[in-house]
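Undergrad: The structure's right below; bear with me while I get my questions together.
Bear in mind that the values in this text are calculations on the coordinates, not laboratory data. Quick caveat, the model's predicted, so the values are computed rather than measured. Cβ coordinates were reconstructed from backbone atoms using ideal geometry, including for glycine residues, and neighbour counts include every protein chain displayed.
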Amino acid sequence: MLSTISLFGRDIQVNISPVSALVLLGGVWIIRRILSVLRIWLAPSIFPREYTAFQPLQLPGVLLPTTSWTTGLDWQWVRRAKLYNRGETVALTPIFAGSPNLWTSNMDIGRQVIPGSHKSSFWKPQWASQALLIWGMNLIGADGNTWRRHRRVVGPSFSSELYKLVWTKTVQTYHDMVQSEGWTSKDTTMVPVIQDITMKMAFLIITSCGFGFESTWADPPKSKGDQMPAQEALRIVTDAHMLLVSCPDWILRLPIAKLRTARMARDRLISFMREQIAERKAQVAMGNAGGMRSDAFTMLVKANQDESSKYQLDDEELIGNIFVLLLAGHETTSHTLAATLGFMAIHEEVQEEVVEQIMSVVGPDRDPEFEDYTKLDKVLAIFYEAARMLPAGYVLIREATDDTVLTVPNPVGEEGSQNIPIVKGTQIIVDMVGVQWNPRYFEHPHVYNPSRWYGLPADSEKFTAFSVGPRACIGRKFATVEATCFLALLLRDWKVLPVLRDGENKEEWGARMLQANIGLTLGVHNIPLRFERRKRA
């Protein structure tokens with residue numbers, strides 16, 4: 001068989017079998033890969049090199065576990081104690097597959113690259129947010145002028161009225177949970193997986209305050225007709241998000257129950273979203289006379305209706321934004337709440353200190369009010385410290401749009417900095433695990449110490465786990481208001497304790513439980529907890 005192959009830029013015709021051709025092409029690929037790695041290895045590097053089999057953020061590395069020679073999606077967590085021992089930034093060099101890039105644990109570098117192409121020579125490539133773009137372009141996935149347009153429309157949705165609504169709904173949902181779970185008649189209760197509680201709490205708050213759904217702690221009723229209830233579709237889509245992202249439509253149409261249910265939920269949710277946009281546009285047009293809601297979805301539609309503005313979004317972009325805010329808000333808040341309660345179970349002395357503040361501010365009987373939010377700084381601090389040690393958004397990916405220069409601080413203990421040239425196309429990964437565990441910024445970073453944050457203003461950029469600058473998480477206050485209210489209620493009423501194995505102490509339990517579980521976001525493994533009712537004087 002006469003085949004044409006490309007060898008070092010030249011087309012060569014050879015008479016070989018298809019199998020031989022594949023073997024030859026494979027050999028050529030291996031040689032080219034070896035030469036590529038050799039060129040990188042021989043080239044001078046300002047940053048220490050870290051060699052691995054595959055790029056952890058690309059196939060096949062993203063599917064592999066982290067071992068001594070492979071780097072999976074959780075590699076920076078697994079190697080957090082040693083990864084940056086030779087320097088705060090490392091040059092990751094995959095040997096077999098994937099592109100090289102720089103991983104940094106230095107937030108001073110992060111502040112230079114995170115803002116995006118409208119503020120710097122770095123942009124957020126769309127592949128880095130592909131999992132969040134299936135519903136349409138959105139604030140998290142956008143960059144440059146597109147990001148600016150989305151930010152102008154989405155920003156006004158996050159108002160003081162929304163935060164008051166979040167607080168009120170959190171109080172209501174907490175009491176509903178206690179009643180529905182049967183805790184009112186118990187002095188002790190076991191929760192085998194605390195994420196079942198935190199996931200449901202975050203889900204109900206975001207669907208209520210984000211979408212305006214009126215729901216209770218009990219599961220929404222099933223529809224008697226053929227149409228899936230929107231609340232049910234939302235729950236299924238949230239749970240099956242990675243499946244929907246990774247599978248083409250023809251796979252979702254295979255006669256497999258899980259795939260069929262995910263596809264039906266997706267289609268139902270898209271249809272419902274379009275109906276809701278039309279309905280809320282009508283409400284906005286009528287103003288207060290139409291009984292306009294105060295949830296984020298309605299406020300987003302309202303902000304988008306300003307015909308004098310050049311920053312309008314189309315319906316697909318509206319759907320993209322509201323869904324990504326739902327997904328990001330639901331996942332990150334629930335994961336961090338679970339980790340916070342896990343840390344409370346270990347650190348009883350911290351838990352009692354926080355309860356003392358709750359009692360002094362709120363007292364034993366009344367519900368906390370939104371005006372108490374800024375007074376409960378120790379409650380917020382335990383949430384912040386859990387988010388620092390286990391940052392839900394664990395990487396921020398940027399790429400140089402031009403040849404540029406980075407100002408790189410000298411090692412800790414040395415004054416000054418260096419200007420390092422960066423070639424166009426260089427990928428820089430801001431490793432948020434590395435940043436939050438960096439001793440430059442935190443004394444004893446491996447120690448859970450909420451007092452780092454006592455007295456810190458709730459919106460201070462000294463806390464960086466929600467990112468920094470204009471690209472910082474727009475839902476930060478939504479999450480902190482919800483968490484502060486929920487934790488104040490729960491810790492005032494219940495003492496949090498670990499569920500230990502025979503012969504196990506709290507420290508061993510913590511080392512076993514509080515390990516990262518990384519997917520779309522970073523969370524912790526399933527945590528079993530025991531709650532004891534606090535005795536009131």
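Undergrad: Using amide H atoms built in the peptide plane, which far-off residues or other-chain residues are under 5 Å from residue 521 H to H?
TA: Under 5 Å from the amide H of residue 521 lies no amide H from a residue far enough along the sequence or on another chain.
Undergrad: Where the only charges are on Cβ atoms (+1 Lys, Arg; -1 Asp, Glu), what is the dipole of the chain about its Cα centre, to the nearest 20 debye?
TA: Values: 57 positive and 56 negative charges, 217 e Å.
Here the chain has a charge dipole of around 1040 debye.
Undergrad: On the principal axes of its Cα set, how long, how wide and how thick is region 54-136? Give whole Å, largest value first.
TA: Its Cα atoms span 39, 33, 20 Å along the three principal axes.
Undergrad: Turning to a different aspect of this structure: Pairs of Cα atoms under 8 Å, at least six residues apart: use those to get the relative contact order of the chain, whole percent.
TA: On the way: 828 pairs, mean separation 106.2, N = 537.
Normalised by residue count, the contact order of the chain is 20 percent.
Undergrad: Further, regarding this structure: Between residue 72 and residues 5 or more places away or on another chain, which pairs have amide H atoms under 5 Å apart, with H built 1.01 Å from N, and which residues are they?
TA: 66, 67
Undergrad: Tell me, which longest segment in the chain has none of the chymotrypsin sites (Phe, Trp or Tyr not before Pro) that fall in DSSP loops with at most 10 further Cβ atoms within 10 Å?
TA: Details: sites that count: 8, 69.
With a cap of 10 other Cβ atoms within 10 Å, the longest stretch comes to 70-537.
Undergrad: In the chain, with Lys and Arg counted as +1 and Asp and Glu as -1 at Cβ, which of these residues, 438, 75, 479, has the Cα nearest the positive end of the dipole, that is, farthest along it?
TA: Towards the positive end, the residue furthest out is 75.
Undergrad: Follow-up question, since we're still on this one. Could you name the lysines whose alpha carbon sits less than 16 Å from that of residue 164, not counting residues in the same chain fewer than 8 places away?
TA: Result set, ordered by chain and number: 375, 477.
Undergrad: Could you list, in their original order, any pairs among 124/378; 124/258; 258/302; 124/462 whose Cα atoms are separated by more than 31 Å? Don't skip to the end; give the middle numbers.
TA: Values: 124/378 35 Å; 124/258 33 Å; 258/302 36 Å; 124/462 23 Å.
Over 31 Å apart, Cα to Cα: 124/378; 124/258; 258/302.
Undergrad: List the trypsin sites (Lys or Arg not before Pro) within region 57-108 that DSSP assigns to loop and that have no more than 10 neighbouring Cβ atoms inside 10 Å. All intermediate terms of the calculation are to be shown ahead of the outcome.
TA: Numbers: sites: 79, 80, 82, 86; in loops: 79, 80, 82, 86.
Those satisfying the criteria are 82.
Undergrad: Can you compute the helix-only [θ] at 222 nm over the chain? Use -39500 (n - 2.57) per DSSP H run of at least 4 residues, normalise by all residues, nearest 500 deg cm²/dmol.
TA: Values: 17 runs with 230 residues, N = 537.
Rounded to the nearest 500, it is -13500 deg cm²/dmol.
Undergrad: Through the Karplus equation 6.51 cos²θ - 1.76 cosθ + 1.60, θ set to phi - 60°, convert the phi angles of region 418-427 into ³J(HN,Hα) values in whole Hz; use x for Gly and Pro.
TA: These are the phi-based 3J(HN,Hα) values: 10, 8, 10, x, 10, 7, 3, x, 5, 8 Hz.
Undergrad: Diagonalise the Cα gyration tensor of region 111-167 and give the resulting equivalent ellipsoid semi-axes, square root of 5 times each eigenvalue, largest first, whole Å. All intermediate terms of the calculation are to be shown ahead of the outcome.
TA: Details: eigenvalues 117, 44, 21 Å².
Equivalent ellipsoid semi-axes, largest first: 24, 15, 10 Å.
Undergrad: Where the centroid of each part is defined by its Cα atoms, how far is region 431-497 from region 337-397 in Å?
TA: 9 Å
Undergrad: Could you list which residues have their amide H under 5 Å from that of residue 95, counting only those 5 or more apart in sequence or on another chain, with H placed in the peptide plane?
TA: Amide H neighbours of residue 95, under 5 Å, 5+ apart: 52, 53, 54.
Undergrad: Which trypsin sites (Lys or Arg not before Pro) does region 382-438 hold that lie in a coil by DSSP with at most 16 other beta carbons within 10 Å?
TA: Details: sites: 388, 398, 424; in loops: 424.
For trypsin sites (Lys or Arg not before Pro) across region 382-438 that sit outside H, G, I, E and B with at most 16 neighbouring Cβ atoms in 10 Å, the list reads 424.
Undergrad: With 19 Å as the cut-off, how large is the P(r) tail for region 79-198, expressed as percent of Cα-Cα pairs? Present the calculation step by step, with values, prior to reporting the outcome.
TA: Working: 5123 of 7140 pairs.
It works out to 72 percent of all Cα pairs.
Undergrad: How big is the Rg/Rh ratio for the chain, C-alpha atoms only, Rh by Kirkwood, two decimals? Don't jump to the answer; show the numbers that get you there.
TA: Working: Rg = 25.4 Å, Rh = 25.5 Å.
When Rh is taken as the Kirkwood radius, the ratio is 1.00.
Undergrad: Longest segment of the chain with no GluC sites (Glu not before Pro) in a DSSP loop having at most 15 other Cβ atoms within 10 Å?
TA: 1-180
Undergrad: What's the angle, to the nearest 10 degrees (0 to 90), between helix 476-493's Cα axis and the longest principal axis of the chain?
TA: Result, in degrees: 50.
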